[in-house]
Amino acid sequence: MLSSRRAFLKLLPFAAGTALAQIPELHFPAQPRDRLAVTSWPFRAYIVSPTNPNRKSSVPGMDLTDFPQFVVEKFGVRNINPLAAHFRSTDPAYLDAFRSAVEKAGSHLVDLGIGAGDFYSSDPAVQQQAFAYGSKWVDIASHIGSPSVRQHLRVRPGDKPDAALLAQALGRLVEYGTKRNIVINLENDDRIAEDPFVIVAAIEKVNSPYLRALPDFGNSLAGHDAEYSANGVAAMLKHVFNMCHVKDVLETEGGQQVKVDLARMFGLAKQASYRGYYSMEFDTDAGDPVVGTKNLVETTLKYLG
């Protein structure tokens, strides 16, 4: 559980048909700065981990245990959103050290981004592998005090992003998260495997308060126009729980930089009465991540003020 007095998760009854299930309730802070978080993704070049393929020896190294204090000192933000690939180890001793570092910095975990699972496969063995990976990180989220995991999705050759199959395959992981009081978030990241409308359709089919949307304000601009992106974010905001990702520019695979209409995105969030966290996710390829993240913090505070 989160140690913060201003954010904690508890269980409440949820009526789903004739059955009763638990629902997550996270008490969000009201002050704009307290609603900000920083994800470790823009700083991947700095983070030393055997599972981080993006580390660059040309820049100073940082263990993930240093990240909470780094975020406090550089940005004045006391919420973090780390990625699974940036953990140097998943041994209990290291996880305990990481949680202690978060608490020592006066920071809080608000989401845990994990890698991709093959939840579009109809092969039971492949689905089992995806479940095993996801459930491992649900347990880690519980250990370190994160209220949720962001489960990435991918499509194997021969498969396609089918919402009905996705909902069926994800059901077991959602049930596992429910028992451990960990929300499973789905993000509109990959333009094929994580199309916002496929995600929304799957969430609606599962119909569980423990499967939610994590709208990224810029990702759907990759391969789509601004209207498609905005409509996708609006659809996801109907199913959001605790997290939105904020970026002001997206660099596509072709190297093109696309600006994000943040005024429109924050307007959509306001219309949806979203009260959760905003995680700064500056697109590293668009410039220096420290400068970019500082600009995102200032811009977000302007829209939340």
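Please name which of Ile140, Gln128, His108 has its Cα lying farthest along the dipole of the range 48-165 towards the positive end, using unit charges on Cβ (Lys, Arg +1; Asp, Glu -1) and the Cα centre as origin.
Towards the positive end, the residue furthest out is His108.
Taking all protein chains as present, what is the carbon and sulfur share of the accessible area of the range 19-79, in % to the nearest whole number, probe 1.4 Å?
On the way: 1500 of 2870 Å².
That fraction is 52 percent.
So, taking all protein chains as they sit and a 1.4 Å probe, how much accessible area belongs to Trp41, in Å² rounded to tens?
Rounded to the nearest 10, that gives 90 Å².
For the range 202-296, with the dipole built from +1 on Lys and Arg beta-carbon atoms and -1 on Asp and Glu ones, taken about the Cα centre, which of Val258, Phe282, Ser208 lies farthest toward the positive end?
Positive-most Cα among the choices belongs to Ser208.
Gaussian network model of the chain, Cα springs within a sub-10 Å range: biggest mean-square fluctuation belongs to which of Ser57, Ser49, Ser89?
Looking only at Ser57, Ser49, Ser89, the biggest GNM fluctuation is shown by Ser57.
In the range 132-249, what percent of the accessible surface is made up of carbon and sulfur (1.4 Å probe, ligands and nucleic acids excluded)? If you can, show how the numbers build up before the last one.
Numbers: 1980 of 4130 Å².
Roughly 48 percent of what the probe reaches on the range 132-249 is carbon or sulfur.
Probe 1.4 Å, all protein chains in place: accessible area of Ile192 in Å², nearest 10?
So the heavy atoms of Ile192 present about 90 Å² to solvent.
Give the accessible surface of the chain per residue, rounded to a whole number of Å², with probe radius 1.4 Å and ligands, DNA and RNA excluded. Let's see the in-between values first.
On the way: 13190 Å² over 305 residues.
I get 43 Å² per residue for this part.
Could you compute the FRET efficiency for Arg156 and Val290, with r as their C-beta to C-beta distance and R0 at 25 Å, rounded to 0.05?
Values: r = 37 Å, r/R0 = 1.47.
Between Arg156 and Val290 the formula returns 0.10.
Considering only Ala30, Ala84, Ala222, give the residue with the highest GNM mean-square fluctuation for the chain, with springs between Cα atoms whenever their separation is below 10 Å.
In the Gaussian network model the winner is Ala30.
Considering only DSSP beta bridges whose two residues both sit in the chain, what percent are antiparallel, to the nearest 5?
Working: 11 of 37 bridges.
So the antiparallel bridges in the chain amount to around 30 percent.
On a straight-distance basis, which lysines could pair with Lys247 in a cross-link, Cα separation under 22 angstrom, same-chain partners fewer than 8 positions away excluded?
Once the sequence-local lysines are set aside, what remains near Lys247 is Lys74, Lys238, Lys259, Lys270, Lys294, Lys302.
Give the whole-number value, in cubic angstrom per residue, of the convex hull volume spanned by the C-alpha atoms of the chain. Each step should come with its number before you reach the end.
Working: hull volume 40.0 nm³, N = 305.
Dividing the Cα hull volume of the chain by its residues yields 131 Å³.
Kindly provide the helix-only [θ] at 222 nm of the chain, computed as the sum of -39,500 (n - 2.57) over DSSP H runs of four or more divided by all residues, to the nearest 500 deg cm²/dmol?
Values: 8 runs with 109 residues, N = 305.
Here the helix-only value at 222 nm equals -11500 deg cm²/dmol.
When all protein chains stay in place, what accessible area (Å², nearest 10, 1.4 Å probe) is found for Val291?
80
For the chain, set up a Gaussian network in which alpha carbons nearer than 10 Å are linked by springs, and say which option among Pro196, Pro289, Pro53 fluctuates the most.
Most flexible of the set in this elastic network: Pro53.
The values are calculated or read from the model by the stated rules, or taken from the named source; none is laboratory data. For clarity, every value in this text was computed on a predicted model and none was experimentally measured. Note: ideal-geometry Cβ built from the backbone for every residue, glycine included; neighbour counts use all protein chains shown. To get the accessible areas, we keep the full protein, side chains included, count just its heavy atoms, and leave off ligands, DNA and RNA. Shrake-Rupley method; radii C 1.70, N 1.55, O 1.52, S 1.80 Å.
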